[in-house]
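Working notes, structure below.
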Ligand SMILES: Cc1cc2nc3c(=O)[nH]c(=O)nc-3n(C[C@H](O)[C@H](O)[C@H](O)COP(=O)(O)O)c2cc1C
C-alpha cells in the first residue's frame, strides 16, 4: 500500500507517493491497469492529518465542471471522511453541483483551516447516490444526530490526488503559532464588532 515516500509496484505500474505522504501519482506505464492502481492508491490516500482537518472544518469548497466548460464552485458544510480513500457530502440544495456531477464526475475540493491558514485540496471523481446501502447508512446517521434538512442525495468522492495547501505567509518563515495567534485576534476583533482591522498586520 502507499505510505510516506515509499514506491510500490501494483501490476507493473509504479506508483510513487511524495516524501510528505501527501501525493500519490501513477506513471503512464501499463495504462490497462491504471484504474485498478488508482483504486488501490485511493484506498490509502487520506492521511491522518487530512482526516483531522476535514473532521474539524467540515466546510469544503466544491468545484465541478458545467456543460459549457465553465467552473462551478459552492460550499458544502457536510463534508466528511468516508474511509481512507473517499469523502462524502450531502446534497441538501446543490442543484448545479449535482447536475454537473451526473454529466461529468470530475471534482476538486478545497478545505482550509482559517486560523492556521493551511488545508488540503482533493481531486477525484464523484458519484451521486440517491439510494443504496451507503445512502441508507448516512441517512440513518443524520437522523440519529437530529439533522433537520432533507438529504436529496449523497455524493461519494474517490480521491485520486490529495495535496496540502498553505498560505504564502509561511514562505516568510512565520510560524504556525504566530499565524494562529494573529488570526485569533483578527476574528475576535471582528466578532466583537471591531473595525480597527487595518491595524492588524495581516498575513495572507
Ligand atoms: C457554509 C455553507 C455550507 C453549505 N453546505 C451545504 C451542504 O452541505 N450541502 C448542500 O447541498 N448545500 C450546502 N450549502 C448551500 C449551497 O452551497 C448553495 O445552495 C449553493 O447555491 C448551491 O450551489 P450549486 O447548485 O452550484 O452547488 C451551503 C452553503 C453555505 C454558505
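None of the figures in this text is laboratory data; all of them are computed from the coordinates on show. This structure is a prediction, so every number in the text was calculated from the model and none was measured. Cβ atoms come from the backbone with ideal geometry, glycine included; neighbour counts cover every protein chain shown.
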Suppose each label sits 7 Å from its Cα in the direction of the beta carbon; what would the residue 145-residue 70 distance come out to in nanometres?
3.4 nm
Kindly state, to the nearest 0.05, the FRET efficiency for residue 92 paired with residue 172, given R0 = 45 Å and r defined as their beta-carbon distance.
0.70
Which of the peptides 107-119, 74-86 is most tightly packed, and how do the rest follow, going by the mean number of other Cβ atoms within 10 Å of each residue?
107-119, 74-86
So if each residue of separation counts as 0.36 nm, and I subtract the Cα-Cα distance between residue 152 and residue 102, what length gain in nm does that give?
16.6 nm
Can you compute the radius of gyration and Dmax for the stretch 48-166, using only the Cα atoms, both in Å?
13.7, 40
Extension length gain for residue 52 and residue 191 (0.36 nm per residue less Cα distance), in nm, is 47.5 nm
Contact order normalised by residue count of the stretch 48-166, Cα under 8 Å, 6+ apart, percent
28 percent
